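Here is the structure we will look at.
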Amino acid sequence: MDRLKKTFDRLAEKGEKALVGFVSAGDPDMETSLEIIRNMCEAGLDILELGVPFSDPTADGPVIQRSSARALEKGITLETVLEMTRRIREYSDIPIILFSYYNPVFAFGARQFYTFALEKGADGVLIVDLPPEESDEMTGVWEGNELSLIRLIAPTTPVERMKTISDSASGFLYMVSKTGVTGSDGLDTSAIESYVKTLRSVTHLPICVGFGISTPEDVRAISKMADGIVIGSAFERLIENHLEDDDLPELLGKQTRLFKNATRKGYV
Amino acid sequence: MSTEHAYPDLKGHFGPYGGRYVGETLMPAILELEEAYHTYAKEPAFISELGTLLSRYVGRPTPLYHAKRLSDHLKGAAIYLKREDLAHTGAHKINNTLGQALLARYMGKKKLIAETGAGQHGVATATTAALFGMACKIFMGVEDIKRQAPNVKRMELLGATVVPVDSGTGTLKDAMNEAMRYWVGAVEDTFYIIGSVAGPHPYPVMVRDFQKIIGIEARDQILEITGKLPTTLIACVGGGSNAMGLFYPFIDDDVEMIGVEAAGLGIDTDKHAATLGMGSIGVLHGSKSYVLQDKFGQIMEAHSISAGLDYPGVGPEHALLKDIKRATYVSITDKEALEGFRILCTLEGIIPALESSHAIACAVSTAKERSSEDVIIVNLSGRGDKDLGTVFSIFDSKK
Ligand SMILES: Cc1ncc(COP(=O)(O)O)c(C=O)c1O
């Protein structure tokens, strides 16, 4: 039943890295968003991060801020995102991570959130602004531990803290590539390599790297060091640039295929 | 009457409120800040340098002034004004910016950033940056840039860069979002001076501690003038720093405390900023407190004629004081605040900030219901020069 673990095992066997895709759920509207996700899954996406839109996304750059605002304008709520999860589950076995700020989850009720998320078919959750220091109030009311708790590690995280975070995380660790909000550019691969190396020394969890990864070349470079690559703003930018185009879902599929190919060994 | 008020706990919780709800990139920075605050702020050298600046640069202690004509006019309680409007830069905000910037210097950080609504915190930060020779960036909503234009010019004159923020409603909440985003990318060498008792721990306790000088002075002054403690304290509440600063030193005394939020066009409309009065519990800008939000946890837009109160959040300690009924929170509309503004101009020759005018308006109605034995201290948190444009355009349109 552990879709995340199975995914990482399957990829390891094939010598591939995980392509993790983030989209704001319901951008530009729920039906188009579901079509986009279907196309991305069919193009080989390995893990889906489904973003719960929030009015005040303080960890996000302009691209994801706007995508979140578009989804909110369409009335997307945590409840809608859970419903979308159920609909994706009807056609795909892809691991689904619900990616949210804490307030929508808090308003929904953390206990209910756990039950519903599992019931609708989610595999994990990443709450951007809920550090281990405050997490008990959420996980303490969960009736079980079947939902993976993905946690962020930042370039500013000292090594002892990396260990503490890793000990309370499951599924995989999300290594933030640079100090900055999502979508910031300027990828420093040698710095990332050293963060990943340090993190490896204190964790057995798979490590996915994200923030500011926007081209297949970037993906190829990071594939050499990490277990997975997270792409968010690059997908959202494509959505934003083609809001009026009928073939928007197919465009996202095409781009996913390009990124996915770059995670395969020997691919040039 | 009360048991001792001993908040926050070690993790920055004020009962169920407060805490640290921030992304991992910022966590090490706020842990470092907490450590630095606990170390340096207790050092005699730090205390003495800050004390000297507060007296010789800011002009503290600010007077506690008996507003006699106003009190006589109302025929009720005696009203005393704590004159934070006479502090350098024209508001209480500088008490906090000097404290935090000094801490920044002890921590070896040379760049300051801040959010601002009314521009008073921005001006105070820019002033402090000039004084300390530090680089300074101020984030300000485009709407506030319009209504507080003189303060924008002032900040630029002082050498700060004002960064316009056009997301959301272009007000204080959005400025704070943008300051946090910028900080995430610059956290290694930049100190974020938050302007109120909001944000993640240690900000609410740190800002309270830097602002409590207001209440410490007021307590000494009223005892000296009247020989007894006041009956009531009144202060406006945006994020809540001038109110916490006045309240805190009286917290274990038998003294009534009233916080005044902005009711905007009325709390029965959707255009107000009465967070404690009308909001519900949520997480915004790094701490848990009351917020104005919809039932899905999306933050709503606030409204107030005064930019400094136009905020859908409030400091966590106020949330606690409300719940345990140690303080009462009321609200004053735009219209009532303008009446408070006018009455202080004409009866006392003092032009108050629109934020402070909310506290004045509340004091006017409260004093009328009290006996002449009662003493009310109102925190006159700032002066009104910055608001003249707003006020004239309203008064003129009514002619
Ligand atoms: C004069 C004045 N009073 C009050 C406030 C509100 O802030 P706080 O509630 O933190 O005192 C401001 C904020 O800009 C202000 O400029």
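The values are calculated or read from the model by the stated rules, or taken from the named source; none is laboratory data. A quick note: this is a predicted structure, and the numbers were derived from the prediction, not measured. Cβ coordinates were reconstructed from backbone atoms using ideal geometry, including for glycine residues, and neighbour counts include every protein chain displayed.
Right, residue B:261: away from chain A (no Cβ under 14 Å), under 30 Å from residue B:149 (Cα atoms) and outside any loop (DSSP other than H, G, I, E, B) or not? Talk me through it step by step, then tell me what you get.
On the way: away from chain A (no Cβ under 14 Å): yes; under 30 Å from residue B:149 (Cα atoms): yes; outside any loop (DSSP other than H, G, I, E, B): yes.
Yes.
Yes or no: the stretch B:38-54 includes at least one residue that is of a type in the set (A, V, I, L, M), assigned to a loop (DSSP other than H, G, I, E, B), at pLDDT 95 or above and in contact with a helix residue (DSSP H, G or I) (Cβ under 9 Å, 6 or more places away or on another chain).
Within the stretch B:38-54, the first condition is being of a type in the set (A, V, I, L, M), and the residues that meet it are B:41, B:45, B:47, B:50, B:53-54.
Next, only the ones that are assigned to a loop (DSSP other than H, G, I, E, B) stay: B:41.
Add one more test, that the residue is at pLDDT 95 or above, and what stays is B:41.
Filter once more, so that each one left must be in contact with a helix residue (DSSP H, G or I) (Cβ under 9 Å, 6 or more places away or on another chain): B:41.
For the stretch B:38-54, residues of a type in the set (A, V, I, L, M), assigned to a loop (DSSP other than H, G, I, E, B), at pLDDT 95 or above and in contact with a helix residue (DSSP H, G or I) (Cβ under 9 Å, 6 or more places away or on another chain): present.
Can you find even one residue in the stretch B:246-254 that is away from chain A (no Cβ under 14 Å), of a type in the set (Phe, Trp, Tyr) and within 16 Å of the ligand (Cβ to nearest atom)?
First pass over the stretch B:246-254, keeping only residues away from chain A (no Cβ under 14 Å): B:246-254.
Remaining after also requiring of a type in the set (Phe, Trp, Tyr): B:247-248, B:250.
Those left that are additionally within 16 Å of the ligand (Cβ to nearest atom): B:247-248.
Yes, the stretch B:246-254 contains at least one residue that is away from chain A (no Cβ under 14 Å), of a type in the set (Phe, Trp, Tyr) and within 16 Å of the ligand (Cβ to nearest atom).
Just give me the residues in the stretch B:64-89 being free of Cβ contacts under 8 Å to residues at least 60 places away in the same chain and outside any helix (DSSP H, G or I), in sequence order.
B:65, B:87, B:88, B:89
Which strands (runs of 3 or more DSSP E) does the stretch A:92-189 wholly contain that include 1 or more residues that are away from chain B (no Cβ under 14 Å)?
Qualifying strands (runs of 3 or more DSSP E): A:96-100, A:124-127.
Which residues, counting only those in the stretch B:183-231, are assigned to a helix (DSSP H, G or I), of a type in the set (D, E, K, R) and under 24 Å from residue B:10 (Cα atoms)?
Keep residues of the stretch B:183-231 that are assigned to a helix (DSSP H, G or I), which gives B:183-186, B:203-211, B:213-226.
Those still in the list that are of a type in the set (D, E, K, R) too: B:208-209, B:217, B:219-220, B:224.
Listed by number, the residues that qualify are B:208, B:209.
Which one of the conditions (1) modelled with pLDDT of 95 or more; (2) more than 14 Å from the ligand (Cβ to nearest atom); (3) of a type in the set (Lys, Arg) does residue B:146 fail to meet, given that it meets all the rest?
Residue B:146 satisfies all of (1) modelled with pLDDT of 95 or more; (2) more than 14 Å from the ligand (Cβ to nearest atom); (3) of a type in the set (Lys, Arg) except (1).
So, of the residues in the stretch B:141-198 that are buried (at least 20 other Cβ atoms within 10 Å of the Cβ) and basic (Lys, Arg), which turns out to be nearest to the chain's Cα centre (by Cα)?
The extreme case among them is B:173.
Could you tell me which numbered condition residue B:131 fails, if it satisfies all but one of (1) part of a helix (DSSP H, G or I); (2) of a type in the set (A, V, I, L, M, F, W, C); (3) within 14 Å of chain A (Cβ to nearest Cβ); (4) surrounded by fewer than 21 Cβ atoms within 10 Å (Cβ to Cβ)?
With (1) part of a helix (DSSP H, G or I); (2) of a type in the set (A, V, I, L, M, F, W, C); (3) within 14 Å of chain A (Cβ to nearest Cβ); (4) surrounded by fewer than 21 Cβ atoms within 10 Å (Cβ to Cβ) applied to residue B:131, the lone miss is (3).
Say we look at the stretch A:45-91 and pick out the residues that are within 8 Å of chain B (Cβ to nearest Cβ) and part of a helix (DSSP H, G or I); which of these is farthest from residue A:172 (Cα to Cα)?
Result: A:72.
Has the stretch B:28-35 got at least one residue that is in contact (Cβ under 8 Å) with a residue 60 or more places away in the chain and away from chain A (no Cβ under 14 Å)?
No, the stretch B:28-35 has no match at all.
For residues in the stretch B:90-127 being surrounded by fewer than 24 Cβ atoms within 10 Å (Cβ to Cβ) and outside any helix (DSSP H, G or I), which is farthest from the ligand (Cβ to nearest atom)?
B:108
Take residue B:61 and tell me if it is away from every other protein chain (no Cβ under 14 Å) and either among the hydroxyl-bearing types (Ser, Thr, Tyr) or exposed (fewer than 15 other Cβ atoms within 10 Å of the Cβ) (or both). Show your work before the answer.
On the way: away from every other protein chain (no Cβ under 14 Å): yes; either among the hydroxyl-bearing types (Ser, Thr, Tyr) or exposed (fewer than 15 other Cβ atoms within 10 Å of the Cβ) (or both): no.
Considered against the rule, which asks whether it is away from every other protein chain (no Cβ under 14 Å) and either among the hydroxyl-bearing types (Ser, Thr, Tyr) or exposed (fewer than 15 other Cβ atoms within 10 Å of the Cβ) (or both), residue B:61 comes out as no.
Would you mind telling me which numbered condition in (1) in contact (Cβ under 8 Å) with a residue 12 or more places away in the chain; (2) more than 19 Å from the chain's Cα centre (by Cα) residue A:157 fails?
The failed condition is (1).
State whether one or more residues within the stretch A:14-34 are touching a Pro at 6+ places or on another chain (Cβ under 6 Å) and not in a helix (DSSP H, G or I). Talk me through it step by step, then tell me what you get.
As a first pass, look at the stretch A:14-34 and keep what is touching a Pro at 6+ places or on another chain (Cβ under 6 Å): A:24.
When the remaining residues are screened for being not in a helix (DSSP H, G or I), the result is A:24.
Among the residues of the stretch A:14-34, at least one is touching a Pro at 6+ places or on another chain (Cβ under 6 Å) and not in a helix (DSSP H, G or I), which makes the answer yes.
Under 8 Å by Cβ, and 6 or more places apart or on different chains, what pairs join a residue from the stretch B:375-396 that is more than 15 Å from residue B:91 (Cβ to Cβ) with one that is within 9 Å of the ligand (Cβ to nearest atom)?
Close Cβ pairs satisfying both conditions: B:390/B:354; B:391/B:354; B:391/B:384.
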